[in-house]
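Have a look at the structure below, then the notes.
What follows draws every value from the coordinates through simple rules; no lab data is involved. This is a predicted model, so every value here is computed, not measured. Neighbour counts run over all protein chains shown; Cβ positions are idealised from the backbone, glycine included.
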Amino acid sequence: MNCKGLINEISAYLDGELGQETLTEIEVHLKRCKDCRLIVDTTRKTIEIYYSTQPLPLPDDVRERLHTALIKRLGRRPNA
Amino acid sequence: MLCYDEESALLPNWSCYQGFGVIQAETICANLLGGVWCAAITHPTVRMSSPDPKHLPSTIVREDEGALVSLAKRGDLGAFDELVNRYERRIFRLAMNITQNREDAEDATQDAFMKSFQHLAEFQGGSRFYTWLVRIAVNEALMRLRRRRPNVTSLDEPVQTEEDLIPREIEDWGPTPEQRYQVTELNSILSNAIADLEPIFRTVFVLRDVEQLSTEETAGALGISVPAVKSRLLRARLRLREKLNRFFEQRKPA
């Protein structure tokens, strides 16, 4: 496994989708390649940072418009 | 006729139901509205557990979701209101991330909830309600994105080269780079980085790594293959890593 091969597998590696053989090749490569360790580490952090963000509360005006629209549209009688 | 068959990878075909679902839903609502919708109900915020890839898909499901969906199917607007309250923030964020336009995101959110209620009878429970709702919302958001930017929003396979994958920025970020920023500043950094991605990569990343759908669920929501999801996700993650590098790289001591 070279650096290019590792980059191609980085997503599957971080998602735990690799078979044992490829996994071992990656781990061997990571032990001797600092750049790839940094790339794996920062890609993992990228995913984790997005993963851990919470959606902000809806702005009041957006929430009000959403609920008003749903009341209006769900409450309307057919052909009314 | 199942237009929103959750087992199918096809996107909704609205032409097959003009009228029927709407009339059915509105008849129920007309009988049961009674102000329930307007009741001020407070709900605990949906919180995710700490990052653990093994548990990604289940973190946003709560045990009572199935019961709420059953009640909503019978026309209980209070139950549907609870589902809206539970997911409105996530669906609006999803729509904002895809459309990058607030007005479009609002419209897409409204229509997604509206259509989910109208077509709830077709939801068979073979998948999570949230996943089903996301598929509707993605469709609504993409429709508006295509309308606004018809020339740049193809979800077809882009030309991809090996050069796409070559990392250019290789720096240490330290253990918790996000803690160097206030929450609003961090949100702005993350949103801007996503906005810079092409829609084809942005949409896959948002579904997989922000909304935490599985690869298969993402493929189903977008009507693309599992290998296409994986290929786009890899590129999206690597591009975001590059974009975030200048904010998160550890400052070297002077």
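Assorted remarks:
- Size of electric dipole in chain A: Cβ of Lys, Arg +1 and of Asp, Glu -1, about Cα centre, debye, nearest 20: 600 debye
- Of A:72/B:115; A:45/B:243; A:31/B:243; A:72/B:73, those spanning more than 22 Å from alpha-carbon to alpha-carbon: A:31/B:243
- Alpha-carbon centroid distance for the pair the range A:8-71 / the range B:124-149, whole angstrom: 21 Å
- Relative exposure of B:229, B:183, B:134, judged by other C-beta atoms within 10 Å (fewest first): B:183, B:229, B:134
- Cα centre as origin, Lys/Arg/Asp/Glu Cβ charges: the range B:162-248 dipole, Debye: 60 debye
- Restricting the chymotrypsin sites (Phe, Trp or Tyr not before Pro) of the range B:75-138 to loop positions (DSSP other than H, G, I, E, B) with no more than 12 neighbouring Cβ atoms within 10 Å leaves nothing.
- Which of B:180, B:135 has the fewest Cβ neighbours within 10 Å, and the rest in rising order: B:180, B:135
- Structure-based [θ]222 nm, chain A - -39500 (n - 2.57) summed over DSSP H runs of at least 4, per residue, nearest 500: -24500 deg cm²/dmol
- Sorted by Cβ neighbour density within 10 Å, fewest at the top, the residues B:81, B:64: B:64, B:81
- Prolate/oblate/rounded label for chain A (Cα gyration tensor, a/c 1.5): prolate
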